[in-house]
Amino acid sequence: MNRFVAAERALRSAAPHHLVDALRDVLADDWSARDVELYLADYSLTALRPASTRPAPPDSLPMHDGPAGRAFGSQEPYVEKRGDDRVRLHLPVTVRGDRLGVLRLTLPSAAHTEECLAELTELAQVLGHELVVAERDTDVYLRARRSSRLTLAAEMQWQLLPGRSSTRAEYALGGQLEPAYAIFGDNFDWSADADHLMLYVTNGMGEGIEASLLTQLGINALRNARRAGVPISEQAALADQAVHAQYGGAQHLSVLLLDLDLVTGHLQIVDAGSPRMLLLRDRSVAAVELEAQLPLGMFEETEYLAQEVRLEPGDRLVFVSDGVYSVATPGGEAYGDRALARAINATRLLPAADVPGAVLRELSGHRGTPVADDDALVVCLDWFGRGGAGDRSPR
């Protein structure tokens, strides 16, 4: 039997919590690999943590430095030559653009590495798909991602997310929340079919469990309407009714709803609250002026209207919550649109998945404290266009 097929079968037949052990055995037998370890990105995107069930797991690795960090950031295999002609491979583990972590292993020689690098790189992607399936039945990999305990509100918010990044020929998406281990109500959601991408960016109201419950209700009401096949204006109206029915106007939810036509680049937007949208085009950053409409749940049976924007291939959209643009220094100076525009321009060469973290790190420097007092959300959407996505760097 072909060894790649055998490895796939070993992963698919392994118990969910034993994926790494099963892969370690097959890599040792068929590829002469040693020191096989899986490292998963932690919630704050600062470390790669070992997904090991062994009594003495290895240490975490830096996310933005070192061989593993380079493989994760570039999404390309990183080959590290060791002593005695041995080679250590660092292979990105990614599912449809959602970057999960890095698979690290050691091979006996450079010649052997050259022979099987492509095969092992593909096998790392198979591992990623199996991890996503396995997480339905085990908490092993969710626990491995945690540098510290999540608050209950944060647990609820992370479970609500579709992922942290996604790529297709037409677009790339990335999003991040802070404080990662104590987020309250900010959130994002997306879904795509053959010709449309729908994206929600949510700025939750309140703190703790109450904020998380409000966002849970709003996002699930939007999903329910979306899955019924109605336009985003009606999605907003139906979710508005659901939130108002529960809270009677005492709580509301700020959301940007977007529907991107993947054939034409035609974008429909409902601005129901405070998240802001900025456009990077031709190295110039500008806020997209939208008609402000009522947040979801303020009044019963609010009507919403969609505005239209035409995207051009190479455009980058960045969405931020008020926990980004209203952050102040210890002296009281607000971050503001100008500083945000500079941060977006400074990150224009980064892929969409890296932009949210880079902007939030710059924001942390402005704030002067490592931990945010308020939720901060950044989502980045790159539009490449259909049929002409050769150059994927924003203009």
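Summary table
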quantity: Magnitude of the charge dipole, the stretch 42-130, Cβ model with Lys/Arg +1 and Asp/Glu -1, debye to 20; calculated: 260 debye
quantity: Dipole of the chain [Lys/Arg +1, Asp/Glu -1 at C-beta], most positive-end residue of 251, 185, 151; calculated: 151
quantity: Accessible area per residue in Å² at 1.4 Å probe, computed on the stretch 23-104; calculated: 45 Å²
quantity: Positive dipole terminus of the chain, leading residue within 309, 74, 107 (C-beta point charges); calculated: 107
quantity: Cα shape, the stretch 1-127, gyration tensor, a/c 1.5 rule; calculated: rounded
quantity: Carbon + sulfur, % of accessible area of the stretch 271-320 - ligands and nucleic acids excluded, 1.4 Å; calculated: 46 percent
quantity: Accessible carbon and sulfur surface of the stretch 177-265 relative to its total accessible area, %, 1.4 Å; calculated: 50 percent
quantity: Rg in Å to one decimal, and Dmax rounded to a whole Å, for the stretch 171-323 via C-alpha atoms; calculated: 15.0, 45
quantity: Span-like helix ranges in the chain, DSSP H, alpha carbon extent 20 angstrom or more, Kyte mean at least -0.5; calculated: 110-134, 208-227, 232-247
quantity: Neighbour net charge for residue 217 - beta-carbon separation under 12 angstrom, K R +1, D E -1; calculated: -1
quantity: Surface share of carbon and sulfur [accessible, 1.4 angstrom probe, percent] for the stretch 60-101; calculated: 44 percent
quantity: The stretch 9-53-the stretch 237-313 distance, computed between alpha-carbon centres (Å); calculated: 41 Å
quantity: Calculated FRET value between residue 15 and residue 286, using beta carbons and R₀ = 56 Å, to 0.05; calculated: 0.60
quantity: Proximal charge balance of residue 340 [Cβ under 11 Å; K/R count +1, D/E count -1]; calculated: +1
quantity: Mean accessible surface per residue for the stretch 160-309, computed with a 1.4 Å probe while every protein chain stays in place, in Å²; calculated: 39 Å²
quantity: Amide H partners (placed H, <5 Å) of residue 181, local residues excluded; calculated: none
quantity: Long-range HN-HN contacts of residue 186 with modeled amide H, under 5 Å; calculated: 204
quantity: For the chain, the spread of Cα positions along each principal axis, largest first, Å; calculated: 68, 48, 43
quantity: Positive minus negative residues near residue 260 (Lys, Arg vs Asp, Glu; Cβ under 10 Å); calculated: -4
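The values are calculated or read from the model by the stated rules, or taken from the named source; none is laboratory data. If you're wondering where the values come from, they're calculated on a predicted model, not measured in any experiment. Reconstructed Cβ throughout: ideal geometry from the backbone, glycine too, with neighbour counts over all protein chains shown. When the accessible area is computed, the model is the full protein with side chains, heavy atoms only, and any ligands, DNA or RNA have been set aside. Shrake-Rupley method; radii C 1.70, N 1.55, O 1.52, S 1.80 Å.
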